[in-house]
1. Taking Cα centroids, how far is the range 37-95 from the range 1-18 in Å?
2. So if R0 is 25 Å, what FRET efficiency would Arg12 and Trp70 give, r being the distance between their Cβ atoms, rounded to the nearest 0.05?
3. What number, rounded to the nearest 500 deg cm²/dmol, is the helix-based mean residue ellipticity at 222 nm of the chain, given -39500 (n - 2.57) per DSSP H run of at least four residues and division by all its residues?
4. Once you have a ≥ b ≥ c as the square roots of the Cα gyration tensor eigenvalues for the chain, tell me rounded if a/c is under 1.5, and otherwise prolate or oblate according to whether a/b is larger than b/c.
5. Does the range 39-88 come out rounded, prolate or oblate by the C-alpha gyration tensor, with a ≥ b ≥ c the root eigenvalues, rounded set by a/c under 1.5 and, if not, prolate when a/b is larger than b/c and oblate if not?
6. Return the distance in nm (one decimal) between the two label points of a simple spin-label model at Phe34 and Ala59, each offset 7 Å from Cα along Cα→Cβ.
7. For a Förster distance of 25 Å, can you work out the FRET efficiency between the beta-carbons of Ala80 and Ser2, rounded to the nearest 0.05?
8. Which order do the peptides 16-27, 72-83 take when ranked by the mean count of other beta-carbon atoms within 10 Å per residue, highest first?
Amino acid sequence: MSMTVFLEVRLRDDLSTETIESAIRETLAQTAEFPGNESLEVLVDDADASRLVVLERWASTADHDAYVAWRATSEGRAEALAAVLAEPPVTRTFDRSITLA
């Protein structure tokens with residue numbers, strides 16, 4: 001069963017847009033290549049451009065769990081993204097939905 005992840009981040013305001021977007025692209029290129037990742041989208045808050053939500057779709061909870069475990073290793077560390085964050089990200093996972101008629 002597929003699942004959705006919202007990764008909510010707040011970016012530093014003392015860095016250039018180019019630096020921030022480069023870090024996001026570098027990190028998410030790795031995420032996109034990870035087995036089980038189905039899609040990624042970066043949403044920018046209309047009221048505050050320093051706040052983003054990364055919308056991730058995964059083939060299964062197990063695939064996402066494997067990704068999270070990989071990110072916790074030295075090989076998977078997202079140092080480029082960490083360098084542009086103003087605070088730790090908030091992750092929300094959704095593996096259940098309500099079917100609408």
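What follows draws every value from the coordinates through simple rules; no lab data is involved. Keep in mind that this is a model prediction, so the values were computed, not measured. FYI the Cβ positions are ideal-geometry reconstructions off the backbone, even for glycines, and counts take in every protein chain you see.
1. 7
2. Rounded to the nearest 0.05, the efficiency is 0.50.
3. -9500 deg cm²/dmol
4. oblate
5. oblate
6. Distance between label points: 1.5 nm.
7. Result of the calculation: an efficiency of 0.35.
8. The peptides rank, most packed first, as 16-27, 72-83.
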